[in-house]
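This is the structure I have questions about; it appears just below.
Computed from the coordinates by the stated procedures, all read-outs in this text should not be read as laboratory data. The model shown is predicted, which means the values in this text are computed figures rather than measured ones. All Cβ positions, glycine included, derive from the backbone under ideal geometry; neighbour counts span all protein chains shown.
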Amino acid sequence: MTKIKRWWQMEPAITQILLGITVIIFLLEWLLGGDTLVAIVNFYGAKNNAAIVAGQWWRLITPMFLHTNLSHIALNAVVIYFMGIQIEALYGHWRMLAIYLLGGISGNLMSFALSSSQSVGASTACFALFGAFLTVGESFWENPVIRQLTSRFLLLTVMNLVFDMFGSGIDIWGHVGGLLGGFLIGYIVGVPRIGKISTAKRIVAAITLVIVWVAFAKMGFTNVK
């Protein structure tokens, strides 16, 4: 077995890759931006509603890889690492990646619909990981270990959202959208390592996600115009 194959099979590879990419991008921002870091981030990839309406759709993706300062990326890096390990162990590599990316997009779409402020950060994707864990809890509540862990993560999620309400410069709609997206995507991709989620639930979740995405996109375009 090669080292790469062993690493892929034994380690939370996607979590490590996402964390590595996020840190490398921040270092590049810092090296290129210096004192103008915030301006650089906003110019190249922040969630900017007017720019999205003008056709820069990638701004629904790039914000989750951009950060404006060291404390910002440090906090998100901790969440990516510890939550990523949990979710990747439960869902597997590719499902974890889908939850992270699509959940992050869901958060940025909700922010696009309900907030006019520019925003960046992996928090939308981080909350998607919380949402995906809540999916596991709802689906396999009869498992005492999962029930206990879910109760803890639910409390942590609520505490984070309450903090968001009283914090300044925090994109709470992005966080709520990421949480919702992760919860729905968790159903869609399923958790075969633990058990089966009913087909009906997965279909309902998929339809709901599409409706939510379309509604948020329409609201965002309407608000800008």
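For the stretch 102-117, give me each residue that is surrounded by fewer than 18 Cβ atoms within 10 Å (Cβ to Cβ) and not in a loop (DSSP other than H, G, I, E, B). Show your work before the answer.
Restricting attention to the stretch 102-117, the residues satisfying the condition of being surrounded by fewer than 18 Cβ atoms within 10 Å (Cβ to Cβ) are 114, 116-117.
Selection gives Leu114 alone.
Filter the stretch 185-225 for residues that are among the charged types (D, E, K, R), closer than 28 Å to His93 by Cβ and outside any helix (DSSP H, G or I) and give the result. Can you show your working first?
Filtering the stretch 185-225 down to residues among the charged types (D, E, K, R) leaves 193, 196, 201-202, 218, 225.
Keeping just the survivors that are closer than 28 Å to His93 by Cβ gives 193, 196, 201-202.
Once the filter is applied, which keeps residues that are among the charged types (D, E, K, R), closer than 28 Å to His93 by Cβ and outside any helix (DSSP H, G or I), the stretch 185-225 yields Arg193, Lys196.
Looking only at the stretch 61-98, which residues are closer than 20 Å to Thr157 by Cα and in contact with a Phe, Trp or Tyr (Cβ under 6 Å, 6 or more places away or on another chain)? Steps first, please.
So the first thing to find is which residues in the stretch 61-98 are closer than 20 Å to Thr157 by Cα, and the list is 64, 71-91, 96.
Scanning the stretch 61-98 gives a single hit, Ile73.
Looking at Gly45, Gly92, Gly55, which is the one that is over 25 Å from Val191 (Cβ atoms), of a type in the set (Gly, Ala, Ser) and surrounded by fewer than 21 Cβ atoms within 10 Å (Cβ to Cβ)?
Numbers: Gly45 fails: surrounded by fewer than 21 Cβ atoms within 10 Å (Cβ to Cβ); Gly92 fails: over 25 Å from Val191 (Cβ atoms).
Only one candidate qualifies: Gly55.
Are there helices (runs of 4 or more DSSP H) fully within the stretch 6-61 with at least 1 residues that are touching a helix residue (DSSP H, G or I) at 6+ places or on another chain (Cβ under 8 Å) and under 19 Å from Ser117 (Cβ atoms)? List them. Don't jump to the end; show me each part of the working.
Working: elements: 13-33, 37-44, 49-53.
Filter on the stretch 6-61 gives 37-44, 49-53.
Only one of (1) over 21 Å from the mean Cα position of the chain (by Cα); (2) under 18 Å from Gly169 (Cβ atoms); (3) surrounded by 15 or more Cβ atoms within 10 Å (Cβ to Cβ) fails for Ile73. Which number is that?
Unmet condition: (1).
Against the conditions (1) under 28 Å from Ala217 (Cα atoms); (2) touching a Pro at 6+ places or on another chain (Cβ under 7 Å); (3) in a helix (DSSP H, G or I), where does Gly121 fall short? Just the number, please.
The number of the failed condition is (3).
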